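Here the structure is laid out as structure tokens; the discussion comes afterwards.
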Amino acid sequence: MSRLRDLADAPLPARIALATLCAALAVSAVTDLRQRRVPNAVTYPALLVIAICLLWLGGRTLLLESALGALVCAAPLALAMWRGWMGAGDVKLMAIAGLVSGAAAGWPFSLAVLLDVAVAGGVLALSWILAAKAGGHPRPRSVPYGVAIAAGTAWAFLRGAPLF
């Protein structure tokens, strides 16, 4: 209940940034499940709206501090993308999560988001492997990681970070 009260008391640009993050995560999870992609039509507008909100909320200083959170979240996934293990949409979605988490509570919270997403990704992969095995299907070659990003980010925000 206090998380909802914190959200209600947050400044308008913070609420818009959080709502944009939630919308991007929800849409991306669904499109990743259905089409195995996180569309640019979701990630680019979300990045723009959130950047504008952060400028509105704290100017260039907050935007630059938040960029560190985006880097913390997106860099490991960018390395995985470079190796061909992950798509660019996943990297951009993590950058969005890092941008908002960095603004909400600094780069250490962005690191917590990254770790929660990694755990969610492991649980998701294991679930897909077990479901395939139970159904007599071959082991899946990929999983919709946008789902793990949405779940891990939501978990991190719900379990505790100050909301701006």
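The values are calculated or read from the model by the stated rules, or taken from the named source; none is laboratory data. Note that this is a predicted model, so its numbers are computed, not measured. For neighbour counting, all protein chains shown are included, and Cβ atoms are generated from backbone atoms with ideal geometry for every residue, glycine included. Keep in mind that these areas ignore ligands, DNA and RNA; they rest on the heavy atoms of the full protein, side chains included. Shrake-Rupley method; radii C 1.70, N 1.55, O 1.52, S 1.80 Å.
Observations, loosely collected:
- Looking at L54, L115, L63, just one residue is crowded, with 22+ Cβ neighbours inside 10 Å and of a type outside the set (D, E, K, R), and that residue is L54.
- Matching option when the condition is in a helix (DSSP H, G or I), free of Cβ contacts under 8 Å to residues at least 60 places away in the same chain, surrounded by fewer than 22 Cβ atoms within 10 Å (Cβ to Cβ) and of a type in the set (S, T, N, Q), among S127, S110: S127
- Only a single criterion out of (1) in contact with a helix residue (DSSP H, G or I) (Cβ under 7 Å, 6 or more places away or on another chain); (2) open to solvent by less than 50 Å² (accessible area, probe 1.4 Å); (3) modelled with pLDDT of 95 or more; (4) assigned to a helix (DSSP H, G or I) is not satisfied by P13, namely (3).
- The lone criterion from (1) open to solvent by 60 Å² or more (accessible area, probe 1.4 Å); (2) at pLDDT 95 or above; (3) not in a helix (DSSP H, G or I) left unmet by V38 is number (1).
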